[in-house]
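Q: A single structure is presented below for examination.
The values are calculated or read from the model by the stated rules, or taken from the named source; none is laboratory data. Because the structure is a prediction, the values reported are computed rather than measured. All Cβ positions, even for glycine, are placed from backbone atoms using ideal geometry, and neighbour counts span all protein chains on display.
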Amino acid sequence: MPDDLKDGRIVIVGASLAGLRAAETLREEGFTGSLTLVGDEPHAPYDRPPLSKQVLLGQATADTTELPMRRDPEAEWRLGVRATGVDRLAKRVLLEDGESLPYDRLLIATGTRARPWGNPDEAAMDGVFTLRTREDGAGLAERLAAGPERVLVIGAGFTGSEIASACREMGLQVTVAERGPAPLVGALGATLSKLAAVMQRNHGVDLRTGVTVTALTGNGAFTGAQLSDGSRVPADVCVVALGAVRNVEWLADSGLAVGPRGIACDAGCRAFDMYGIVTDDIYVAGDVSRFPHPLFGYQMLSLEHWGNAVEQAEVAAHNMVSPGALRRPHLAVPTFWSTQFGLNIKSVGVPTYSDYIVIAQGSLEARRLAMVYGYKGRVTAAVTVDMSRSLDYYKHLIETAAPFPPPPGAADRAIAADITIPSAVPDPSVLSHGPTVALTGHLPDRRLTVV
Amino acid sequence: MRTVVDLTRCQGYAQCVFHAPEVFKLHGEEGLLYATAVPDDQVSRVREAAAACPVQAILLGEEVSGGAR
């Protein structure tokens with residue numbers, strides 16, 4: 001039986017970070033059968049984080065961000081071809097060119113795309129961008145390099161904030177419009193969002209919070225936007241940073257447990273069907289998945305994290321070629337980073353799964369701190385600002401369900417490290433941008449508890 | 001050759017910045033920005049940087065289009 005699992009036909013739909021790392025892991029684990037990767041973009045797998053940083057700053061070009069391989073996955077690459085469906089009875093992936101690919105096991109890693117501006121005519125104007133793909137990055141970098149008068153960024157989540165940071169670093173005038181009360185509040189809660197707002201304003205960002213953009217104006221080319229407070233922002237470039245949409249539409253008729261928050265799978269990355277019955281030949285990894293996590297009440301977790309794409313792909317690939325007793329659960333603690341306005345922000349755990357916080361090390365004024373998040377007396381997350389070497393310690397506290405507030409650990413413990421403050425994470429529906437971490441409850445789309 | 005840094009792992013020790021300053025740069029106190037494409041004359045320096053990284057966060061390799069098609 002194990003020998004059979006090492007052979008046969010595996011198809012991976014999605015040729016980005018998760019798809020590539022899964023393909024490499026399959027070979028690493030001894031898979032000798034045929035391996036096909038399908039990707040709708042006409043490019044080899046490339047890395048997206050540099051697109052909002054190095055690429056905008058002109059330190060790398062968008063066409064040089066291909067991901068290095070750990071090893072050659074000896075795969076057949078079907079790039080620039082969209083998958084349009086799965087026939088689970090015939091065990092075939094249907095492609096837009098009419099062809100279909102037979103599989104014994106299938107991995108779905110189709111990720112997300114940028115949420116487009118709601119008005120397609122306004123979105124189509126010259127000068128209006130989203131940022132997700134290599135083409136987006138190249139186009140926006142070229143426009144920023146040309147020195148626009150002002151850039152409008154809609155949405156102050158991580159992507160929007162990083163774009164605003166890059167603009168200021170290039171000396172460009174930038175306005176950020178956010179429906180919520182502050183930047184990053186949806187991901188980090190009220191206290192750190194104050195620091196994010198101060199950093200933006202100190203770096204010269206025209207930050208407008210509590211407003212929505214009601215219209216993008218221009219005659220073919222973008223010239224400005226109307227805001228809900230009646231004001232108008234003249235600008236010649238607009239970046240729509242409203243979060244991501246999961247690429248699941250192609251699976252609408254598949255009978256899999258598919259929804260706006262992704263494809264539900266078990267802890268071993270096996271997809272559920274729409275009746276909640278687990279499949280044993282279809283696996284899911286990366287941004288498109290929703291999976292249960294014991295550290296967060298076994299709620300279904302949707303992540304848009306680079307590290308999760310890698311780790312979940314490795315677990316999925318291992319399980320695809322391993323018999324039941326040798327399969328592993330995907331239990332990695334969520335981790336992400338963002339570099340903006342000269343600060344390095346790193347997070348471990350799920351900060352929105354919290355009721356109180358403490359500042360355990362450092363201070364907001366020092367722009368250097370470790371903040372610990374707790375939920376019902378247990379440590380559930382930590383965020384560091386320019387203090388990433390402390391993060392592993394807090395990760396250990398999360399993994400061991402340590403009590404909150406955490407006991408004295410660091411030599412440089414903050415004076416008020418035992419004074420708890422409400423974490424004040426807002427309802428995600430008040431924010432402009434979508435959540436990058438969503439605990440989607442047990443009923444996928446009705447009980448959205450936190451961002 | 002292409003490089004990618006696992007910034008989930010990176011803790012800003014900046015050993016790479018000393019080994020290959022043309023490829024790796026600190027951005028602020030501990031944020032790291034790097035050139036994704038490694039010029040031929042920098043490959044051996046990036047190899048040293050990858051070996052020296054205390055958290056082993058640096059991967060250097062061929063991109064898929066470079067031979068796996």
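Q: Sort out which residues of the stretch A:227-268 are among the hydrophobic types (A, V, I, L, M, F, W, C), farther than 19 Å from A:G160 by Cβ and crowded, with 19+ Cβ neighbours inside 10 Å, and write them in order of number.
A: The answer is A:V248, A:W250, A:L251, A:L256, A:A257, A:V258, A:I263, A:A264, A:C265.
Q: Moving on. Looking at the stretch A:382-418 only, could you name the residues that are in a loop (DSSP other than H, G, I, E, B) and without any contact (Cβ under 8 Å) to a residue 12 or more places away in the chain?
A: Once the filter is applied, which keeps residues that are in a loop (DSSP other than H, G, I, E, B) and without any contact (Cβ under 8 Å) to a residue 12 or more places away in the chain, the stretch A:382-418 yields A:T400, A:P407, A:P408, A:A411, A:I415.
Q: Go through the stretch A:348-363 and give me each residue that's closer than 20 Å to A:D392 by Cβ and in a loop (DSSP other than H, G, I, E, B).
A: Correct list: A:V350, A:P351, A:Y353, A:S354.
Q: Would you be able to say whether some residue in the stretch A:333-345 is small (G, A, S), on the phi < 0 side of the Ramachandran plot, surrounded by 17 or more Cβ atoms within 10 Å (Cβ to Cβ) and away from chain B (no Cβ under 14 Å)?
A: No, every residue in the stretch A:333-345 fails to be small (G, A, S), on the phi < 0 side of the Ramachandran plot, surrounded by 17 or more Cβ atoms within 10 Å (Cβ to Cβ) and away from chain B (no Cβ under 14 Å).
Q: Determine the pairs where a residue that is hydroxyl-bearing (S, T, Y), located within the stretch B:1-23, has a partner that is part of a loop (DSSP other than H, G, I, E, B) with Cβ atoms under 6 Å apart, the partner being 6 or more residues away or on another chain.
A: Pairs found: B:T3/B:V38; B:Y13/B:P54.
Q: A further question follows. Could you count how many residues in the stretch A:59-87 are within 11 Å of chain B (Cβ to nearest Cβ), among the small types (G, A, S) and touching a residue at least 24 places away in the same chain (Cβ under 8 Å)?
A: 2
Q: Continuing with the same structure: Of these, A:G118, A:G137, which one is within 21 Å of A:N247 (Cα to Cα) and crowded, with 23+ Cβ neighbours inside 10 Å?
A: When all the criteria are applied, what remains is A:G137.
Q: Please verify whether A:L37 is over 23 Å from A:H318 (Cβ atoms), within 11 Å of chain B (Cβ to nearest Cβ) and of a type outside the set (S, T, N, Q), treating the condition exactly as stated.
A: Here the answer is no, as A:L37 does not meet what is asked.
Q: Next question. Tell me, yes or no, whether the stretch A:272-291 has at least one residue that is farther than 27 Å from B:A57 by Cβ and in contact with a Pro (Cβ under 8 Å, 6 or more places away or on another chain).
A: Scanning the stretch A:272-291 turns up at least one residue that is farther than 27 Å from B:A57 by Cβ and in contact with a Pro (Cβ under 8 Å, 6 or more places away or on another chain).
Q: Taking the stretch A:1-32, which residues are within 20 Å of A:L94 (Cα to Cα) and not in a helix (DSSP H, G or I)?
A: Residues satisfying the conditions are A:G8, A:R9, A:I10, A:V11, A:I12, A:V13, A:G14, A:A15, A:S16.
Q: Further question on the same structure: Looking only at the stretch B:7-21, filter to residues that are surrounded by fewer than 19 Cβ atoms within 10 Å (Cβ to Cβ) and touching a Pro at 6+ places or on another chain (Cβ under 8 Å); which one of those is farthest from the other protein chains (Cβ to nearest Cβ)?
A: Checked the stretch B:7-21; the qualifying residue farthest from the other protein chains (Cβ to nearest Cβ) is B:Q15.
The rows are residues; the columns are (1) under 19 Å from the mean Cα position of the chain (by Cα); (2) at pLDDT below 95; (3) surrounded by fewer than 21 Cβ atoms within 10 Å (Cβ to Cβ).
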site: A:D3; (1), (2), (3): no, yes, yes
site: A:A18; (1), (2), (3): yes, no, no
site: A:R21; (1), (2), (3): yes, no, no
site: A:R27; (1), (2), (3): no, no, yes
site: A:V55; (1), (2), (3): yes, no, no
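Q: Assess whether A:A90 counts as being within 7 Å of another protein chain (Cβ to nearest Cβ), surrounded by fewer than 23 Cβ atoms within 10 Å (Cβ to Cβ) and of a type outside the set (V, I, T).
A: When the stated conditions are applied, A:A90 does not pass them.
Q: Residues to consider are A:G276, A:G210; find the one that is surrounded by fewer than 23 Cβ atoms within 10 Å (Cβ to Cβ), outside the structural domain of A:H293 (by TED's automatic domain parsing) and at positive phi.
A: A:G210
Yes or no, residue by residue, for (1) surrounded by fewer than 18 Cβ atoms within 10 Å (Cβ to Cβ); (2) touching a helix residue (DSSP H, G or I) at 6+ places or on another chain (Cβ under 8 Å); (3) within 14 Å of another protein chain (Cβ to nearest Cβ):
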position: A:Y353; (1), (2), (3): no, yes, no
position: A:V358; (1), (2), (3): no, no, no
position: A:Q361; (1), (2), (3): no, yes, no
position: A:A366; (1), (2), (3): yes, no, yes
position: A:G374; (1), (2), (3): no, no, no
position: A:G377; (1), (2), (3): yes, no, no
position: A:T380; (1), (2), (3): no, yes, no
position: A:D386; (1), (2), (3): no, no, yes
position: A:Y394; (1), (2), (3): no, no, yes
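Q: Filter the stretch A:364-381 for residues that are assigned to a loop (DSSP other than H, G, I, E, B), among the charged types (D, E, K, R) and without any contact (Cβ under 8 Å) to a residue 60 or more places away in the chain and give the result.
A: Residues satisfying the conditions are A:E365, A:K376.
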